[in-house]
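To start, the structure under review is shown below, and the notes come after it.
The values are calculated or read from the model by the stated rules, or taken from the named source; none is laboratory data. Fair warning: this is a prediction, and the values are worked out from it, not measured in the lab. Glycine gets a Cβ as well: all are built from the backbone with ideal geometry, and neighbour counts include every protein chain shown.
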Amino acid sequence: MRDIQLKEIERQFQPHFLFNTMQTIQYLITLSPKLAQTVVQQLSQMLRYSLRTNSHTVELNEELNYIEQYVAIQNIRFDDMIKLHIESSEEARHQTIGKMMLQPLIENAIKHGRDTESLDITIRLTLARQNLHVLVCDNGIGMSSSRLQYVRQSLNNDVFDTKHLGLNHLHNKAMIQYGSHARLHIFSKRNQGTLICYKIPLSRGNVDV
């Protein structure tokens with residue numbers, strides 16, 4: 001049952017991005033065939049990663065590479081308005097985490113923050129006490145206090161009932177894979193940006209800090 005739930009959540013991350021990317025490729029075929037070819041190659045690599053079924057876990061470095069490809073495709077759609085910064089030690093990059101545990105945070109930042117002229121997204125990864133601490137901050141449009149309260153409450157909704165898939169699915173996936181040891185906190189202010197703090201438990205022996 002646990003494997004079925006994880007596969008279902010992973011499946012629902014993909015369709016809208018795939019549809020939008022195919023539309024982008026269709027547009028680029030006549031405008032810039034070489035760029036269209038680049039996007040096809042990037043998308044192929046991303047699909048190979050996301051559809052991998054032999055394991056629900058990956059090395060963090062693989063997830064970061066996936067995120068970089070995801071942002072590269074989004075920048076083609078949005079005229080290079082997104083700047084991605086990754087701050088991480090080599091030790092952190094070699095930790096094992098659940099697949100697709102970080103990408104939804106970046107997807108959320110782009111989806112809800114891109115109304116600004118440029119969107120800066122920073123991923124900061126640190127290791128402490130057998131946990132991977134993830135901070136994702138952006139300078140997007142942020143949320144009102146009422147909207148923030150609603151988003152926080154929606155994290156606890158049933159993953160198969162909610163209409164707000166991104167962060168809710170991530171939170172539910174983390175609960176399935178890690179239990180109550182995983183933590184996700186959201187902070188945001190209107191016109192100032194959003195900060196998401198995320199704690200992912202690491203198996204003992206996987207990190208020495």
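For residues in segment 85-103 being in a helix (DSSP H, G or I) and surrounded by fewer than 20 Cβ atoms within 10 Å (Cβ to Cβ), which is nearest to the chain's Cα centre (by Cα)?
R93
Are any residues in segment 133-157 closer than 21 Å to K199 by Cβ, of a type in the set (A, V, I, L, M, F, W, C) and more than 17 Å from the chain's Cα centre (by Cα), and if so, which ones? Outline the logic, then answer.
We begin by selecting, within segment 133-157, every residue closer than 21 Å to K199 by Cβ; these are 133-138, 148, 151-157.
Narrowing further to those that are of a type in the set (A, V, I, L, M, F, W, C): 134-137, 148, 151, 155.
Once the filter is applied, which keeps residues that are closer than 21 Å to K199 by Cβ, of a type in the set (A, V, I, L, M, F, W, C) and more than 17 Å from the chain's Cα centre (by Cα), segment 133-157 yields only L148.
Out of the residues in segment 55-72 that are farther than 18 Å from S89 by Cα and either of a type in the set (D, E) or part of a helix (DSSP H, G or I) (or both), state the one that is farthest from the chain's Cα centre (by Cα).
A72
Do we have any residue at all in segment 106-119 that's surrounded by fewer than 19 Cβ atoms within 10 Å (Cβ to Cβ) and in a strand (DSSP E or B)?
No - not one qualifying residue is present in segment 106-119.
If M143 passes every condition in (1) in contact with a Gly (Cβ under 7 Å, 6 or more places away or on another chain); (2) assigned to a loop (DSSP other than H, G, I, E, B); (3) crowded, with 16+ Cβ neighbours inside 10 Å but one, which one does it miss?
(1)
Anything in segment 103-138 that is among the charged types (D, E, K, R), touching a helix residue (DSSP H, G or I) at 6+ places or on another chain (Cβ under 7 Å) and in contact (Cβ under 8 Å) with a residue 60 or more places away in the chain? List them, or say none.
Once the filter is applied, which keeps residues that are among the charged types (D, E, K, R), touching a helix residue (DSSP H, G or I) at 6+ places or on another chain (Cβ under 7 Å) and in contact (Cβ under 8 Å) with a residue 60 or more places away in the chain, segment 103-138 yields only E107.
Evaluate the following for E91: is it acidic (D, E), over 24 Å from I25 (Cα atoms), in contact with a strand residue (DSSP E or B) (Cβ under 8 Å, 6 or more places away or on another chain) and modelled with pLDDT of 90 or more?
Spelling it out, E91 is indeed acidic (D, E), over 24 Å from I25 (Cα atoms), in contact with a strand residue (DSSP E or B) (Cβ under 8 Å, 6 or more places away or on another chain) and modelled with pLDDT of 90 or more.
In segment 158-174, is there at least one residue being among the aliphatic types (A, V, I, L, M), modelled with pLDDT of 85 or more, assigned to a loop (DSSP other than H, G, I, E, B) and surrounded by 16 or more Cβ atoms within 10 Å (Cβ to Cβ)?
no
Go through (1) touching a Leu at 6+ places or on another chain (Cβ under 6 Å); (2) of a type outside the set (K, R); (3) not in a loop (DSSP other than H, G, I, E, B) for T122 and report which single condition fails.
The one condition T122 does not meet is (1).
Which residues, taken from segment 179-201, are within 15 Å of N168 (Cβ to Cβ) and either touching a residue at least 40 places away in the same chain (Cβ under 8 Å) or in contact with a Ser or Thr (Cβ under 6 Å, 6 or more places away or on another chain) (or both)?
I196, Y198
Quick one: how many residues across segment 73-84 are modelled with pLDDT of 95 or more and either under 14 Å from the mean Cα position of the chain (by Cα) or part of a helix (DSSP H, G or I) (or both)?
Adding up the residues that qualify gives 1.
So for segment 193-206 (the condition being touching a strand residue (DSSP E or B) at 6+ places or on another chain (Cβ under 7 Å), surrounded by 19 or more Cβ atoms within 10 Å (Cβ to Cβ), at pLDDT below 85 and not in a loop (DSSP other than H, G, I, E, B)), does at least one residue qualify?
No, segment 193-206 contains no residue that is touching a strand residue (DSSP E or B) at 6+ places or on another chain (Cβ under 7 Å), surrounded by 19 or more Cβ atoms within 10 Å (Cβ to Cβ), at pLDDT below 85 and not in a loop (DSSP other than H, G, I, E, B).
Among the residues of segment 6-54 satisfying the criterion of being crowded, with 16+ Cβ neighbours inside 10 Å and modelled with pLDDT under 85, which is nearest to the chain's Cα centre (by Cα)?
F13
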